Amino acid sequence: MSHTDAATDDEPDCLTCGACCRTGHDGRILIPDEDLVRWRRLGREDLTRAVQPGHFGLVGFATRPDGACVHLGTDHSPHACQIYEIRGTTCREFERGSWQCREFRREAGLDAR
Ligand code: SF4
Ligand code: SF4
């Protein structure tokens, strides 16, 4: 979800990963209401519709049949976010190299340095 800059020796590379954007089909990547408001203001109602029911009464990003977020994958990388500049708060706050990041990578069969 973070998809931040190039990796350092100590941190995994988001552009060869995308594991945190492939969390399954149950709306686990939550979208706070403020994101929906922000996207409406930007004229991106399409984003407000690309959701599914999530936990805690919120909505989450809609997922493709393979469980990946519908916004994952660009012409440049299958692991990059199409809406990176205006991505969700949950995505923005997710920390590359954190224990959750490493857990996602481990579950995806990637190294978990
Ligand atoms: S919006 Fe982008 S960063 Fe967030 S889960 Fe989807 S693909 Fe990942
Ligand atoms: S799991 Fe970690 S390394 Fe992989 S895309 Fe997400 S933040 Fe980046």
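Taken together, the values in this text are just the output of simple stated rules run on the coordinates, not laboratory data. Every value quoted in this text rests on a predicted model; they were computed, and no experiment measured them. Quick reminder, even Gly has a Cβ in these numbers, built from the backbone with ideal geometry, and neighbours come from all protein chains shown.
Quick one: net charge around residue 35, please, counting Lys, Arg +1 and Asp, Glu -1 for every other residue with C-beta under 12 Å from its C-beta. Before the final figure, lay out the partial values.
Values: positive: 38, 40, 41, 44, 87, 92; negative: 33, 34, 93.
Local net charge: +3.
With a Förster radius of 35 Å applied to the C-beta separation of residue 38 and residue 75, the computed FRET efficiency comes to 0.90.
Phi angles across region 49-58 convert, under the Karplus curve 6.51 cos²θ - 1.76 cosθ + 1.60 with θ = phi - 60°, into 3J(HN,Hα) values of 8, 8, 10, 9, x, x, 6, 6, x, 8 Hz, Gly and Pro given as x. Computed over the Cα atoms of the chain, the ratio of the radius of gyration to the Kirkwood radius (Rg/Rh) comes to 0.96.
The HN-Hα couplings worked out from phi for region 68-80 by the Karplus form 6.51 cos²θ - 1.76 cosθ + 1.60 (θ = phi - 60°) are 7, 4, 5, 9, 8, x, 10, 4, 8, 7, x, 10, 9 Hz, whole numbers, x standing for Gly and Pro. Mean-square fluctuations from a GNM of the chain, with a 10 angstrom spring cutoff on Cα atoms, peak among 26, 35, 46 at 46.
Working from Cα pairs under 8 Å separated by at least six residues, relative contact order for region 8-113 is 33 percent.
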